[in-house]
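> Pasting a structure below so you can have a look.
The values are calculated or read from the model by the stated rules, or taken from the named source; none is laboratory data. The model shown is predicted, which means the values in this text are computed figures rather than measured ones. Note: ideal-geometry Cβ built from the backbone for every residue, glycine included; neighbour counts use all protein chains shown. Ligands, DNA and RNA are stripped out before the accessible areas are found, and what is left, the full protein with its side chains, is counted by its heavy atoms. Shrake-Rupley method; radii C 1.70, N 1.55, O 1.52, S 1.80 Å.
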Amino acid sequence: LLAQSPIDMIHPDDRAVVLERAQQMLARQSAPHPNEYRAFRRDGRVIIVEVLSIPLEWEGQACLLSVGRDVTTRKDIETRLMRADRLAALGTLTAGIAHEINNPLSYALLGLEQSFTTLDRLADRSPLAEDLRRSLSDARDGIERAAAIVRQLREFSRVDPEEHTTVDLRRVLDAATRLAQNEIR
């Protein structure tokens, strides 16, 4: 490090920002908050470094004393936590939507079942009654498909304490395939 310029360790895309910031600190003789930059490790890997610089005088010349620390791991953890929070929020939203959709579906299904019962009591076998039965049957099939999607959404959004058990992978994949069937097609 003694024979290397500190700016050479900074990622090329961040060098202009580092140099501009250094000039501002030297001109103002003030130390703003730390900044994060991409830098290179000795092995060439890019890391994120948090750098705190303090302007001072060294042997009659204005200079900067800079201290940097690798915050790559911390940044990775923060990113994972944000992603986990978004997934948790998505699960909560999905559960709420599934609940709100499930209630009207239940009412519609009950109404259709009542209509079938009424048609059966009328014992009408005319072509018009049969057309009505087919239409009601199609409507029931559609509602049952929608109810199955709601059940899959509720399974997706279930927030249970972590539990390790065996899983029927075929059932999970079938549920995921049914849920994404339109996109897959």
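> Once Cα Rg over 2.2 N^0.38 Å is worked out from the coordinates, which option in (1) 1.06; (2) 2.01; (3) 1.21 does it equal?
Answer by label: (2).
> Can I ask one more? Let me check against my output: what whole-number percent is the relative contact order of the stretch 45-162, with C-alpha pairs under 8 Å and at least 6 apart? List each step's numbers first, then the result.
Numbers: 75 pairs, mean separation 30.5, N = 118.
Worked out over the stretch 45-162, it gives 26 percent.
> Could you give the distance between the Cα centres of the stretch 9-32 and the stretch 102-154, to the whole Å?
Here the two parts' Cα centres lie 70 Å apart.
> In addition: Can you give the helix-only mean residue ellipticity at 222 nm for the chain, where every DSSP H stretch with n ≥ 4 adds -39500 (n - 2.57) and the sum goes over all residues, rounded to the nearest 500 deg cm²/dmol?
Working: 5 runs with 114 residues, N = 185.
The per-residue figure over the chain is -21500 deg cm²/dmol.
> Here's another thing I want to ask about it. Using Cα springs under 10 Å in a Gaussian network model of the chain, which residue among ARG69, ARG45, ARG154 shows the largest mean-square fluctuation?
Result for the chain, Cα springs under 10 Å: ARG45 fluctuates most.
> Separate question: Give the carbon-plus-sulfur fraction of the accessible surface of the stretch 16-131 in %, rounded to a whole number; probe 1.4 Å, heavy atoms of protein chains only. Provide the component values of the computation, followed by the final result.
On the way: 5060 of 8570 Å².
Of all accessible area on the stretch 16-131, carbon and sulfur atoms account for 59 percent.
> How much accessible area per residue does the stretch 26-149 have, in Å², with a 1.4 Å probe? Walk me through the intermediate numbers first.
Numbers: 9020 Å² over 124 residues.
Counting only protein heavy atoms, the per-residue value for the stretch 26-149 is 73 Å².
> Could you pull out which residues in the stretch 130-148 have an amide N less than 15 Å from a spot 7 Å beyond the Cα of LEU122, following the Cα-Cβ vector?
130-137
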